[in-house]
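See structure below.
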Amino acid sequence: MGFWIILIGIVLAAALLGVAYQFQSRAALGGMVVTILGTIVGVWVDGLIVTEKEQVRSAIYGLADAVGRNDIKATLEMVSPSATRCLEDIESEMPQYQFEYCLVRRIEPFEIVEKQGRLEATVEFRVLVDVRAAQIGYGGRVLRVVELNLRKENEQWRFYDYDHWGPPEFEAFTGKSPSRDELYPND
């Protein structure tokens, strides 16, 4: 939203500057100063207001950051304590991999719904990871589609279930997830 506030402020201030210059109008010049101050206040207020969707996106980026740093403890803190299967999966699987990075590439549009008095969201997004798995002799970049089921618990968005798979445009043709060589043939 801040982008639009700034854009509108710039356009309006430029128009008022043009009017002030064209007609030597002090009122237009004063309007331009008020517009600039209003834009600054608008951006400041926008920064204070964090929507639920922004909080969900922030949780997703935080999770990707924790995974990319191989921080199992931080990753576990983002899981609902009631999601024992997810906690066990992370504790057993994550140490088998060494991530160089985990980048969120695209978050699909999503809705937040209320279920049993709690806010929940199912979010699908793509990640690009550079990962090493010594036990299977694999290393390289992989594009994955991730689906997270999140709920707001104690004012924090935590995930309680997840799934991931190869991108559909690749799997539609091959029936499998892409390998490093298939994704990056010139590396």
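Quick note: the coordinates plus some simple rules give every number you see, no bench work behind them. Fair warning: this is a prediction, and the values are worked out from it, not measured in the lab. Here Cβ is always computed from backbone atoms with ideal geometry, including for glycine, and neighbour counts include all displayed protein chains.
Values for this structure:
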{"read-out": "Angle between the chain longest axis and helix 26-48 axis [Cα atoms, degrees, rounded to 10]", "value": "20 degrees"}
{"read-out": "Note, ³J(HN,Hα) from phi for segment 72-82, Karplus 6.51, -1.76, 1.60, rounded to Hz, x at Gly and Pro", "value": "5, 4, 5, 5, 5, 5, 8, 9, 4, x, 7"}
{"read-out": "Euclidean distance between Cα centres, segment 122-151 to segment 76-115, Å", "value": "10 Å"}
{"read-out": "Point-charge dipole on Cβ atoms (K/R +1, D/E -1) for the chain, about Cα centre, debye to 20", "value": "640 debye"}
{"read-out": "Built amide H within the under 5 Å cut-off of Tyr138, gap 5+", "value": "Ala133"}
{"read-out": "Computed helical MRE - 222 nm, the chain, DSSP H runs ≥ 4 contributing -39500 (n - 2.57), nearest 500", "value": "-15000 deg cm²/dmol"}
{"read-out": "Listed pairs Lys115/Lys152; Lys53/Lys115; Lys53/Lys73 exceeding 18 Å between Cα atoms", "value": "Lys53/Lys73"}
{"read-out": "Segment 2-48, relative contact order [Cα under 8 Å, separation at least 6], %", "value": "48 percent"}
{"read-out": "The chain: relative contact order as a whole-number percent, Cα under 8 Å and 6+ apart", "value": "14 percent"}
{"read-out": "For the chain: Kirkwood Rh in Å [reciprocal of mean 1/r, alpha carbons]", "value": "19.9 Å"}
{"read-out": "For the chain, with +1 on Lys and Arg beta carbons and -1 on Asp and Glu, the positive-most of Ala15, Ala64, Tyr162 along the dipole", "value": "Ala15"}
{"read-out": "Segment 32-131, relative contact order [Cα under 8 Å, separation at least 6], %", "value": "23 percent"}
